[in-house]
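*Asks:* Sharing a structure below in structure tokens format, with a few things to ask.
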Amino acid sequence: KGSPETVPVKSEGPKLVPFFKATCVYFVLWLPTSSPSWFSALIKCLPIFCLWVFLLAHGFSFLGAHSSARKILAGLIFSALGDAFLIWQEQGYFVHGLLMFAITHILYSSAFGMKPINVSAGLIIAAVSSVSYLLLYPYLSGPFTYLVAVYIGLIGFMGWRAVAGLQLANDLWTWTKLSACLGAVLFMVSDLTIAVNKFCFPVPHSRAIIMATYYAAQMLIALSAVECQDVEIARKRS
């Protein structure tokens with residue numbers, strides 16, 4: 001019999017099949033961004049809808065008992081709203097999408113929790129976030145000067161809380177903590193690519209990079225929620 005954290009992870013694969021199919025549909029159709037429509041919004045949001053179903057498939061009793069899973073589900077709901085707004089970003093809805101994802105990062109940060117603190121991880125991510133903002137700053141104007149600063153602060157904080165939970169040196173890690181950590185890092189890569197492409201200069205294959213890292217990030221963060229039952233039990237015992 002496998003360890004407590006490996007058995008659930010292996011059993012999650014079949015529940016993620018609809019997500020992988022929906023992601024393939026998005027990349028196969030590759031609808032042009034120049035003509036936004038409700039259909040293109042549906043195709044873009046479909047993989048995230050599948051992650052809602054993935055979490056709901058664990059049962060309402062599971063979600064009712066574990067606040068971390070509920071917060072991640074709420075984050076995925078705001079993510080889908082953000083995705084829809086960004087379909088119409090050229091029509092003036094970019095800030096709306098930014099706000100939805102800012103709420104997502106607050107929910108994810110809360111789900112990952114404040115223990116352990118892991119100051120060194122926080123300092124590294126603070127440094128990366130600061131350098132990212134300094135590189136973007138010359139290209140920002142108007143309200144984006146502070147909106148992007150706040151957003152980078154929020155996603156950086158979320159990344160810190162995800163990375164802080166991964167204690168490799170002390171051998172206190174689980175697959176789901178690793179999943180949360182990788183998911184947060186990929187989310188940061190995706191959003192930095194969006195920022196550079198929008199404000200600085202065109203990034204080659206930007207859309208493919210942004211969406212591949214984004215879908216992978218959301219899947220890994222959703223996967224990290226299914227282990228929260230064992231984590232919360234451990235917290236109560238400690």
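*Asks:* Skip the ligands, DNA and RNA, and give the accessible area per residue of the chain with a 1.4 Å probe, whole Å².
*Replies:* 51 Å²
*Asks:* Apply 1/(1 + (r/R0)^6) to the Cβ-Cβ distance of residue 134 and residue 42, taking R0 = 41 Å, and write down the FRET efficiency to the nearest 0.05.
*Replies:* Once rounded, the FRET efficiency stands at 0.60.
*Asks:* What value, in deg cm²/dmol to 500, does the helix sum -39500 (n - 2.57) over DSSP H runs of n ≥ 4 give at 222 nm once divided by the residues of the chain?
*Replies:* Calculated from helices alone, the mean residue ellipticity at 222 nm is -24500 deg cm²/dmol.
*Asks:* First compute the accessible area of the chain with a 1.4 Å probe, then give the percent of it belonging to carbon and sulfur atoms.
*Replies:* Its accessible area is 72 percent carbon and sulfur atoms.
*Asks:* Please compute P(r) over all alpha-carbon pairs of the chain, binned at 5 Å starting from zero, and give each bin as a whole-number percent.
*Replies:* Using 5 Å bins, I get a P(r) of 1, 6, 13, 19, 19, 16, 12, 7, 4, 1, 0, 0 for the chain.
*Asks:* I would also like to ask the following. Out of 47, 202, 18, any idea which swings most in a Gaussian network model of the chain, alpha carbons joined below 10 Å?
*Replies:* So, out of 47, 202, 18, the one fluctuating most is 202.
*Asks:* While we're here: What is the local net charge at residue 122, summed over the other residues whose Cβ is closer than 14 Å to its Cβ (Lys, Arg +1; Asp, Glu -1)? Can you show the working numbers first?
*Replies:* Working: positive: 115, 161; negative: none.
Taking every Cβ under 14 Å from that of residue 122, the sum is +2.
*Asks:* While we're on this one: At a threshold of 8 angstrom on Cα-Cα distance, excluding pairs fewer than six apart, so keeping six or more, what relative contact order does the range 12-237 reach in percent? Working shown, then result.
*Replies:* Values: 252 pairs, mean separation 43.4, N = 226.
Once divided by the residue count of the range 12-237, the mean separation gives 19 percent.
*Asks:* Treat every Asp and Glu Cβ in the chain as -1 and every Lys and Arg Cβ as +1, leave all other atoms uncharged, and give the resulting dipole magnitude about the Cα centre to the nearest 20 debye.
*Replies:* Dipole about the Cα centre, nearest 20: 360 debye.
The values are calculated or read from the model by the stated rules, or taken from the named source; none is laboratory data. Bear in mind that the values here come from a model prediction, so they are computed numbers and not experimental data. Glycine gets a Cβ as well: all are built from the backbone with ideal geometry, and neighbour counts include every protein chain shown. These accessible areas exclude ligands, DNA and RNA; they are computed on the full protein's heavy atoms, side chains included. Shrake-Rupley method; radii C 1.70, N 1.55, O 1.52, S 1.80 Å.
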